[in-house]
Amino acid sequence: MQQVCGSSPPTPPFGTGLVAVQPSRRRHCAGCRRGPLRLLVVEDGAPRCLGCADLGHLVFLPRGDTALTRRAREESTLCVVVVRFNRRRGRYERQGVLVEEAGLARAEARCLADAEARGRRRARDARRRAAQDARFAEAFAEEILRLFPRCPRDRARTIAAHASERGSGRVGRSAAGRLLSGGAVVSAVVASVRHLDTPYDELLMCGVPRREARQRITAGVAAVLREWGWEEAGAAGR
């Protein structure tokens, strides 16, 4: 994909197909001068509207429904990936696809035809993931109790469930957390103690900088960890 006018970061590859851009700035077509454009294609370094790029007959299918997107691409002779630049992450990200209207209709019909079967499969997959998550959370809780033998069992289970929640990005879902490494388990316990057993959150709400707030509650965290049987509480509290 060619770089969008006015965007300095390089664009990552999105395969060899056509790519359209949702511009973050006001853009006008270099051909017909229409604008501002909701979607554009870059040709020879200049923005073109979909009409001038011979793509005006396509319809936009937003991302989100994997089965429908896959089938729409199969049913459409012409398909264009739609991206938008994420300034915070410094990269272009997929927003959906442009496909032929007739192809989209055929794809929707296919999805409706086997919707019940796909629903049952999703339900089975959800139950399987839930069972896996429950087993992992229980193993995480047992590891907490091994390292902190006087930690209340209910509290250990609460910490484990919070740290290992799927899609949360918390320490339990990290590579170290999935391996039940001691560092990841201790980090989860320390985070729980920090928020629930010290005035850390109140300090943040009062405008105390995060590092200073952590320093203020170090002794309190260490005291709880010692109470729970952690021999290195002084180091863990920092």
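The values are calculated or read from the model by the stated rules, or taken from the named source; none is laboratory data. This is a predicted model, so every value here is computed, not measured. Because the Cβ atoms are built from the backbone with ideal geometry, glycine has one as well, and the counts that use them run over all protein chains shown.
Annotations
- Residue match in segment 54-74 (condition: at pLDDT below 90, among the β-branched types (Val, Ile, Thr) and either within 30 Å of Gly119 (Cβ to Cβ) or surrounded by fewer than 18 Cβ atoms within 10 Å (Cβ to Cβ) (or both)): no
- Pick from segment 28-53, criterion closer than 18 Å to Val83 by Cβ and of a type in the set (D, E, K, R), ranking: modelled with the lowest pLDDT: Glu43
- Per the conditions (1) surrounded by 12 or more Cβ atoms within 10 Å (Cβ to Cβ); (2) outside the structural domain of Arg71 (by TED's automatic domain parsing); (3) within 30 Å of Glu74 (Cα to Cα), the sole criterion not satisfied by Asn86 is (2).
- Candidates Arg211, Arg166, Arg146 - the one that is in contact (Cβ under 8 Å) with a residue 12 or more places away in the chain and either surrounded by fewer than 15 Cβ atoms within 10 Å (Cβ to Cβ) or within 21 Å of Trp230 (Cα to Cα) (or both): Arg166
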